[in-house]
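Taken together, the values in this text are just the output of simple stated rules run on the coordinates, not laboratory data. Quantities reported herein were computed from a predicted structural model and do not represent experimental measurements. Cβ placement follows ideal geometry from the backbone for every residue including glycine, while neighbour counts extend to all protein chains displayed.
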Number of protein chains: 2
Amino acid sequence: MTTIAGYTYGQVPTSPVTLDDLETLKATVLWSDDDTAALKLAGEVLADQVDDVLDLWYGYVGSHPHLVRYFNGSDGNPDGAYLDAVRVRFGQWIRDLCGRTWDADWLAYQQEIAVRHTTDKKNRTDGVDSTEAYVPLRYMVAFIWPITATIKDFLGRQGHSPEQIDAMYQAWFKAITLSVTLWTRPYAPGTW
Amino acid sequence: MTTIAGYTYGQVPTSPVTLDDLETLKATVLWSDDDTAALKLAGEVLADQVDDVLDLWYGYVGSHPHLVRYFNGSDGNPDGAYLDAVRVRFGQWIRDLCGRTWDADWLAYQQEIAVRHTTDKKNRTDGVDSTEAYVPLRYMVAFIWPITATIKDFLGRQGHSPEQIDAMYQAWFKAITLSVTLWTRPYAPGTW
């Protein structure tokens with residue numbers, strides 16, 4: 001298996017979010033065993049399409065100056081090496097979201113992903129000297145829409161029934177909402 | 001027109017979020033004129049179903065102790081008058097989201113809704129002595145899923161085509177994501 005630069009799954013501190021907190025959040029999005037199965041299937045459907053998904057998402061970010069600026073280097077232009085390094089981890093994130101068990105390790109890594117968007121840790125993993133010290137909370141939350149809505153087409157490309165596609169899409173939507181919720185914690189730890 | 005207790009649309013201070021910020025957020029969810037039209041149509045479809053939508057949402061909140069607790073009075077039990085007062089404004093919020101122009105008044109009222117979930121203003125509008133001083137950020141964000149996913153069925157009840165229903169649903173999903181994004185600002189004003 002290829003080593004992914006900056007990918008430290010299983011090697012990060014325990015999350016301040018407890019497994020009980022996670023269960024409560026799962027209840028909030030009415031997470032069910034059917035969702036677990038549908039998300040696993042989604043991971044299988046997406047496995048060979050991860051690069052296509054990333055092409056779409058990077059096209060979306062790249063075409064919006066107010067978004068791509070968070071990949072700026074010190075010269076105020078997008079840093080290609082930074083974009084590339086994040087892209088590889090972004091792909092692994094798709095695989096992990098669908099394929100990993102949501103246990104303490106998974107929860108710990110969501111916190112790691114979270115802090116990598118804030119002043120505490122953005123730019124450090126990739127050693128970037130960026131003009132942007134953090135990704136604003138507004139875009140973390142707003143990204144729920146593009147990251148969810150764009151996936152349905154990919155879920156429908158391997159001959160599954162409309163019911164299966166819808167089940168995968170609903171599980172993905174729940175999983176994205178829940179993941180982003182976890183990623184917002186460092187922005188307001190006292191009232192999260 | 002019946003007066004709604006605590007409903008102060010058009011009578012609140014200018015939002016710290018600018019109309020330019022709003023345009024940027026709309027761009028982030030790829031908001032289009034088609035979405036504007038589809039959301040308006042959604043408002044017409046939902047107009048006579050608002051109470052049914054609220055029945056569903058209140059059933060969902062009421063059946064989850066970790067959610068209904070934010071309607072607690074000082075005795076630690078849900079306060080019926082508080083639940084009822086919020087419900088009437090919640091219904092008006094559906095009408096406003098779909099029917100109002102997203103101008104400075106609309107933006108100002110999103111900020112008002114936002115702060116009414118935080119320690120600054122929760123419980124004050126309805127004069128409630130609650131055990132809960134604020135609604136945690138985690139539930140504000142997680143609510144994107146139930147508030148979105150539950151609406152599709154209602155959008156399909158008035159004989160529109162699958163394409164129209166999907167357009168209304170996508171516009172609703174974008175509008176909810178954008179609204180909740182605005183509502184998160186008071187939780188992290190410095191990094192929003």
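Take the alpha carbon gyration tensor of the stretch A:1-41, find the square roots of its eigenvalues, order them as a ≥ b ≥ c, and report rounded if a/c is under 1.5; if not, report prolate when a/b exceeds b/c, else oblate.
Oblate, since a/c reaches 1.5 and b/c is not below a/b.
Within 10 Å of each Cβ in peptide A:20-28, how many partner chain Cβ atoms are there on average? Round it to a whole number, please.
Whole-number average of other-chain Cβ neighbours for A:20-28 is 4.
With just the Cα atoms of the stretch A:57-174, tell me how far they stretch along each of the three principal axes, in Å, largest first.
So the three principal-axis extents are 49, 35, 24 Å.
So, R0 is 56 Å and r is the distance between the beta-carbons of B:ILE4 and A:THR131; what FRET efficiency does that work out to, to 0.05?
0.75
How fast does the protein assembly as shown diffuse by Stokes-Einstein, in µm²/s, taking the Kirkwood radius from C-alpha pairs at 20 °C and 1.002 mPa s?
Translational D for this selection: 98 µm²/s.
Using a Cα distance threshold of under 14 Å, what count of lysine pairs results for the protein assembly as shown when pairs must be 8 or more residues apart or interchain?
Counting lysine pairs in the protein assembly as shown gives 6.
Work out the length of the dipole vector of chain A about its Cα centre, built from +1 on the beta-carbon of each Lys and Arg and -1 on the beta-carbon of each Asp and Glu, and round it to the nearest 20 debye.
Computed about the Cα centre, the dipole is about 400 debye.
Taking the label point as lying 7 angstrom from Cα along the Cα-to-Cβ axis, what are the distances from B:THR131 to the corresponding position in the remaining copies, in ascending order and in nanometres?
Output for B:THR131: 5.0 nm, nearest copy listed first.
Using only the alpha-carbon atoms, what does the stretch A:1-116 span along each of its principal axes? Please give whole angstrom values in decreasing order.
45, 32, 32
Sort shortest first the distances from B:ALA47 to its counterpart in every other copy, using label points 7 Å along the Cα-to-beta-carbon line, and give them in nm.
5.1
Taking θ = phi - 60°, what integer Hz values does the Karplus form 6.51 cos²θ - 1.76 cosθ + 1.60 yield along the stretch B:52-57, in sequence order, with x for Gly and Pro?
In residue order, the calculated couplings are 5, 4, 5, 4, 5, 5 Hz.
Partner chain Cβ atoms within 10 Å, averaged over the residues of B:179-190 - can you pull that number for me?
That works out to 5 on average.
Summarise the partner chain shielding of A:144-156 as one whole number: the mean count of Cβ atoms from other chains within 10 Å of each residue's Cβ.
3
Mind listing the Cα extents of the stretch A:63-121 along all three principal axes, in Å, largest one first?
So the three principal-axis extents are 40, 23, 18 Å.
Along the axis that rotates chain A into chain B, which residue of chain A has the nearest beta-carbon, and what is the gap in whole Å?
Minimum Cβ distance to the axis, with residue: A:ALA188, 2.
Tell me the distances, shortest first, between B:GLY159 and the same position across the other copies, using label points 7 Å along Cα→Cβ, in nm to one decimal.
Ordered by distance, the counterparts are at 4.0 nm.
In whole Å, what is the distance between the alpha-carbon centres of the stretch B:136-192 and the stretch A:39-84?
24
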